[in-house]
Amino acid sequence: MSAHVLTLNAGSSSLKFGVFALAEGPEPRAAGLIERIGGSPALHLRDAAGTAIAPGEDPAGATDQAGAVGLVLRLVARHFPDGEIAAVGHRVVHGGPDHAGPARLSDDVLAGLERFVPFAPLHQPHNLAGARAARAAFPEALQVACFDTSFHRNHPWVNDTFALPRRFYDRGVRRYGFHGLSYDYIAGELARSAPLLHSGRVVVAHLGNGASMCGLLGGRSVASTMGFSALDGLPMGTRCGQLDPGVVLYLMDQEGMTTAELADLLYLESGLKGLSGMANDMRALEASEAPAAREAIDYFTFRIRRELGGLAAALGGLDALVFCGGIGENSRLVRAEVCRGMQWLGIELDRARNEANARIISADLSRTHVMVIPTDEEIVIARAAAAMLGEGAA
Ligand code: ADP
């Protein structure tokens, strides 16, 4: 038997998972997705090279996270009969004020994380349901929680607070920031491949369905566009991004909207989807001739430029801008629009490199480096779980 790490990312109706061999590193062996959990579930499985594997298991039983984790258990037994799952690493969106790194998922830690369900009602309950199911399905494995908030926990106070009375800060109403696993990965990649830039002032734009930006100083997060919830900052596929809180008060008072209706509006009906009136998907917007689709892209890229200026101010300048996430890694249009008119920040894009999706897309003479680095949140989780296993064995 050889030791493996399983990574789990449990969402409202999906479960993403990865299988990693521990011997070399950890090294990815397979990645999978169970979608439409609770509806008519579908299962996709790929090997490390990205080639589809026929799963050979019926996903029909994945009616909830427990059913989905049970399906993963059967898949692991079928496809990795030589493998033993020594650790399960969980993506958990919210670690609250105290978790500045991964945590062993004991009963106490799990109970503590329940307290943050009201902070992230659309993500945290599903993450924790996945964690509970995995503890039952893999009782011998070390269970490790990796938080999207941890990477930002050492923000200076001015980037950690809102200007509310102090008691709210003490009760946990803070600017937590998210996408920390992605930023952690990018910081590690910079340290490995561009140590000079890593030691400097870097803004990372994680642009996917969820989108945020992070200012890194010497590889550590100093400021982020996301705040208390995953709603703040940039507009996203279906989330509004930065919004005057007066709008929420108005919608409650004058339009009689309930909390549930507001959550639906702000999380699911706004952003690119709300502005375009057609799609949350950047590819669909880029392909569309409709003026509203173009306007949605304009708003998205304008807000990124604004935040870039703000984060550069927080960092005292800019040495590199890094794009990642599905849009950041693929959309030439979005990258070109973000960099347009940014010469004042030392940014000079090279058109051909941008079109080619090269790793460095700035011109040779650009004072600020502009890079595209594919992110990998799963490997960050797998490494954290492997490290904790190592500590346990020591
Ligand atoms: P998630 O936050 O769900 O992980 P992803 O990081 O996968 O999201 O990003 C999804 C987004 O990336 C979608 O808006 C999708 O349209 C966009 N995207 C993926 N490929 C391309 C492409 N070639 N051109 C433009 N946008 C793309």
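Just so it is clear, none of the values below were taken in a lab; they were calculated from the coordinates. The model shown is predicted, which means the values in this text are computed figures rather than measured ones. Note: ideal-geometry Cβ built from the backbone for every residue, glycine included; neighbour counts use all protein chains shown.
Applying the criterion of being hydrophobic (A, V, I, L, M, F, W, C) and out of contact with any Leu (no Cβ under 7 Å at 6 or more places or on another chain) to the residues of the range 259-269, the residue that is nearest to the ligand (Cβ to nearest atom) is Leu268. Here the range 220-269 is the region considered, the condition is being crowded, with 19+ Cβ neighbours inside 10 Å and of a type in the set (A, V, I, L, M), and the residue that is nearest to His123 (Cα to Cα) is Ala230.
Among the candidates Gly227, Gly200, Gly218, the residue that is without any contact (Cβ under 8 Å) to a residue 40 or more places away in the chain and away from the ligand (no atom under 16 Å from the Cβ) is uniquely Gly218. Take the conditions (1) farther than 17 Å from Ser150 by Cβ; (2) free of Cβ contacts under 8 Å to residues at least 40 places away in the same chain; Ala187 misses just one of them, which is (1).
Checking each residue in the range 366-375 for being within 22 Å of His179 (Cβ to Cβ) and outside any strand (DSSP E or B) picks out Ile373, Pro374, Thr375.
Pairs linking a residue in the range 12-37 that is in contact (Cβ under 8 Å) with a residue 40 or more places away in the chain to a residue that is crowded, with 20+ Cβ neighbours inside 10 Å and assigned to a loop (DSSP other than H, G, I, E, B), with Cβ atoms under 7 Å and 6 or more positions apart or on different chains, are Leu15/Ile37; Phe20/Pro26. Among the residues of the range 270-327 satisfying the criterion of being within 12 Å of the ligand (Cβ to nearest atom) and among the β-branched types (Val, Ile, Thr), which is surrounded by the fewest Cβ atoms within 10 Å (Cβ to Cβ)? Looking at the filtered set, the residue picked out is Ile297. Residues of the range 50-72 that are part of a helix (DSSP H, G or I), over 11 Å from Leu15 (Cα atoms) and among the small types (Gly, Ala, Ser): Ala60, Gly61, Gly70. In the range 188-304, counting only helices (runs of 4 or more DSSP H) that sit wholly within it, the ones holding 1 or more residues that are more than 26 Å from His155 (Cβ to Cβ) span 245-255, 259-263, 271-276, 282-287. Please specify each residue of the range 108-159 satisfying the condition of being of a type outside the set (Phe, Trp, Tyr), buried (at least 19 other Cβ atoms within 10 Å of the Cβ) and assigned to a loop (DSSP other than H, G, I, E, B). Those that are of a type outside the set (Phe, Trp, Tyr), buried (at least 19 other Cβ atoms within 10 Å of the Cβ) and assigned to a loop (DSSP other than H, G, I, E, B): Ala120, His123, Ala141, Asp148, Thr149, Arg153, His155. Here Gly70 clears all of (1) over 23 Å from Asp376 (Cβ atoms); (2) touching a Pro at 6+ places or on another chain (Cβ under 9 Å) except the condition numbered (2). Picking from residues in the range 328-365 that are of a type in the set (S, T, N, Q) and assigned to a loop (DSSP other than H, G, I, E, B), the one that is nearest to the ligand (Cβ to nearest atom) is Ser331.
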